[in-house]
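The values are calculated or read from the model by the stated rules, or taken from the named source; none is laboratory data. Predicted, not measured: the structure shown is a model, and the values here were computed from it. Positions of Cβ are backbone-derived with ideal geometry, glycine not excepted, and every protein chain shown enters the neighbour counts.
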Amino acid sequence: MSISIKKINLKLAERLEPYYFRMVRGFERSNAVRKLEKFEPFTIGITGSCGKSTTTKLLSELLAEAYKEDVHSGLGNNTKRWVYRGLRKLERPKQTWVQEISGGEPGYLDYVINDIPLDIAILTTIGGDHISAFGTEQAILDEKSKLITALKPDGVACLNIDDAHLAGLSALRKDQKNIVTYGLHKDADIRAEIISANWQSRLQFKLFAGQEQFDVSTKFVGSLLLTSILAALAAIHAKGLPLGPAIEKLAELEPMMNHMSVHQTVSGQTYLMDAFKAPYWATKLFATDVAQIKKGKTVLVLGQISDTGNTGSRAYRQIIRAVAPHCDLIVGMDGAFRAAARFEHEFDHCQVIASNDIVEVHQLLGQHKDALIIVKSGRRSKLWRLWEMAQAPIDCHIMPCDLETGCPFCPKLRDKSLM
């Protein structure tokens with residue numbers, strides 16, 4: 001149903017999808033439970049305030065390519081209806097099911113406890129996403145930790161103890177043997193020490209797992225996604241597999257598109273794209289990471305930030321102040337427009353420009369051939385288009401855009417009828 005509607009009206013299809021699921025959810029659920037009982041997959045659930053998608057991608061690829069497992073990946077489709085649909089697509093006995101799972105409101109994850117016994121539960125971070133629905137980060141932790149409640153008796157929880165909330169949860173369960181901790185923390189079971197993280201050398205680190213030590217090279221930039229990398233390795237360790245094949249394969253894997261992904265134009269210009277999700281709490285971490293990412297001239301395009309609470313434009317000003325010492329140029333668009341306008345003559349070392357004209361910004365970026373172009377925004381701003389424009393002209397200049405569909409998959413990006 002939704003596929004045909006999308007061809008007619010994409011926005012209408014996105015609005016109808018939840019109502020469609022309400023009509024068929026009983027069918028979806030019963031079929032999913034039957035598939036679980038019939039095929040007995042090895043089930044891995046991944047949740048957290050950020051890092052779910054990258055963890056799911058990495059773990060799925062590593063298990064499939066380094067260990068030749070038969071993997072079904074629920075990458076990107078993390079709501080209840082998509083989790084059930086993912087289970088319905090299981091086709092063979094003993095597959096490995098790797099699924100990212102969202103929990104955006106209190107009580108949402110009860111269905112996992114009721115219907116989906118897990119072999120491994122991975123918790124990445126606890127932050128302020130959906131804080132308006134939960135009220136406190138403790139309430140968010142209580143909801144996310146339901147994945148641990150859903151574990152089978154011999155199931156294993158993988159917890160990031162660099163996160164204070166998850167470190168506390170781990171401490172409460174320290175007498176239990178079914179926990180694998182990961183992070184930079186000295187007490188982590190799967191522990192990393194960063195060697196470099198700049199955009200030219202990429203993320204490199206030493207990995208410690210028990211008595212073993214590894215030198216790890218990746219194609220990732222910065223340290224923000226190290227949590228996801230370690231989460232995937234922790235799950236592999238929890239599964240009882242040797243880490244060597246995963247570490248060798250990890251050096252070949254690219255970041256998920258638009259999640260700190262690196263792209264190079266024909267002219268040699270480099271874009272670091274992270275324009276899918278930008279909650280305020282995570283954007284502050286990103287701002288801190290720019291110092292590690294930087295090597296040479298750096299340009300930042302900052303768009304919409306979500307979950308700012310009552311801070312409003314003050315949140316944007318805080319981010320701009322934090323990154324300005326490490327940037328040569330900052331362009332504020334969409335939500336960041338007004339804050340950028342206030343800083344246009346503030347810094348001697350960093351030029352700040354406010355613009356909501358995506359064509360103008362594209363032309364401005366083209367003047368900085370020797371710079372790393374970092375694009376950071378939530379999906380509303382649709383700043384992925386800046387990378388698309390560096391490849392070929394586009395037809396869509398809407399700002400902001402409330403479609404959930406990403407720019408690369410949107411028929412409005414390039415109107416084929418005009419070509």
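Here are the numbers for the structure shown:
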quantity: Checking residue 132 against (1) surrounded by fewer than 17 Cβ atoms within 10 Å (Cβ to Cβ); (2) not in a helix (DSSP H, G or I), the condition it does not meet; calculated: (2)
quantity: Among residues of region 63-114, those that are among the aliphatic types (A, V, I, L, M) and under 17 Å from the mean Cα position of the chain (by Cα), counted; calculated: 3
quantity: Sole residue being under 20 Å from the mean Cα position of the chain (by Cα) and over 25 Å from residue 100 (Cβ atoms), chosen from 224, 302; calculated: 302
quantity: All positions within region 363-379 that are surrounded by fewer than 18 Cβ atoms within 10 Å (Cβ to Cβ) and part of a helix (DSSP H, G or I); calculated: 363, 364
quantity: Among the candidates 157, 164, residue that is modelled with pLDDT of 95 or more and over 17 Å from residue 235 (Cα atoms); calculated: 164
quantity: Strands (runs of 3 or more DSSP E) contained entirely in region 164-274, each with at least 2 residues that are assigned by TED's automatic domain parsing to the domain that holds residue 140 and touching a helix residue (DSSP H, G or I) at 6+ places or on another chain (Cβ under 8 Å); calculated: 179-183, 190-196, 204-209, 212-217
quantity: Test: residue in region 11-31 that is of a type in the set (Phe, Trp, Tyr), modelled with pLDDT under 95, surrounded by 16 or more Cβ atoms within 10 Å (Cβ to Cβ) and outside any loop (DSSP other than H, G, I, E, B); calculated: yes
quantity: Residue count, region 122-136 (criterion: more than 19 Å from the chain's Cα centre (by Cα) and of a type outside the set (S, T, N, Q)); calculated: 3
quantity: Filter result for residue 233 (more than 30 Å from residue 142 (Cβ to Cβ) and at pLDDT 95 or above); calculated: no
quantity: Check on residue 375, without any contact (Cβ under 8 Å) to a residue 40 or more places away in the chain, closer than 28 Å to residue 293 by Cβ and not small (Gly, Ala, Ser); calculated: no
quantity: Residues satisfying the stated conditions in region 347-377, i.e. out of contact with any Leu (no Cβ under 9 Å at 6 or more places or on another chain) and either more than 19 Å from residue 317 (Cβ to Cβ) or among the hydroxyl-bearing types (Ser, Thr, Tyr) (or both); calculated: 357, 359, 360, 363, 366, 367, 369, 370
quantity: Residues of region 304-338 classified as assigned to a loop (DSSP other than H, G, I, E, B) and more than 23 Å from residue 134 (Cα to Cα), total; calculated: 3
quantity: So residue 388, is it among the charged types (D, E, K, R) and within 22 Å of residue 299 (Cα to Cα); calculated: yes
quantity: Failed item in (1) over 19 Å from the mean Cα position of the chain (by Cα); (2) part of a helix (DSSP H, G or I), with residue 119 passing the rest; calculated: (2)
quantity: Pairs, first at negative phi in region 296-315, second of a type in the set (D, E, K, R) and in a helix (DSSP H, G or I), C-beta under 7 Å, six or more apart; calculated: 303/334; 304/334; 304/380; 313/338
quantity: Candidates 201, 267 - the one that is loosely packed, with under 15 Cβ neighbours inside 10 Å, at pLDDT below 95 and more than 22 Å from residue 160 (Cβ to Cβ); calculated: 267
quantity: 3 or more residues buried (at least 24 other Cβ atoms within 10 Å of the Cβ) and in the same structural domain as residue 230 (by TED's automatic domain parsing): qualifying strands (runs of 3 or more DSSP E) within region 36-115; calculated: 42-47, 96-100
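Each row is one residue, and each column tells you yes or no for (1) among the acidic types (Asp, Glu); (2) at pLDDT 80 or above; (3) in a loop (DSSP other than H, G, I, E, B).
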| position | (1), (2), (3) |
| --- | --- |
| 385 | no, yes, no |
| 388 | yes, yes, no |
| 394 | no, yes, yes |
| 398 | no, yes, yes |
| 401 | no, yes, yes |
| 404 | yes, no, yes |
| 414 | no, yes, yes |
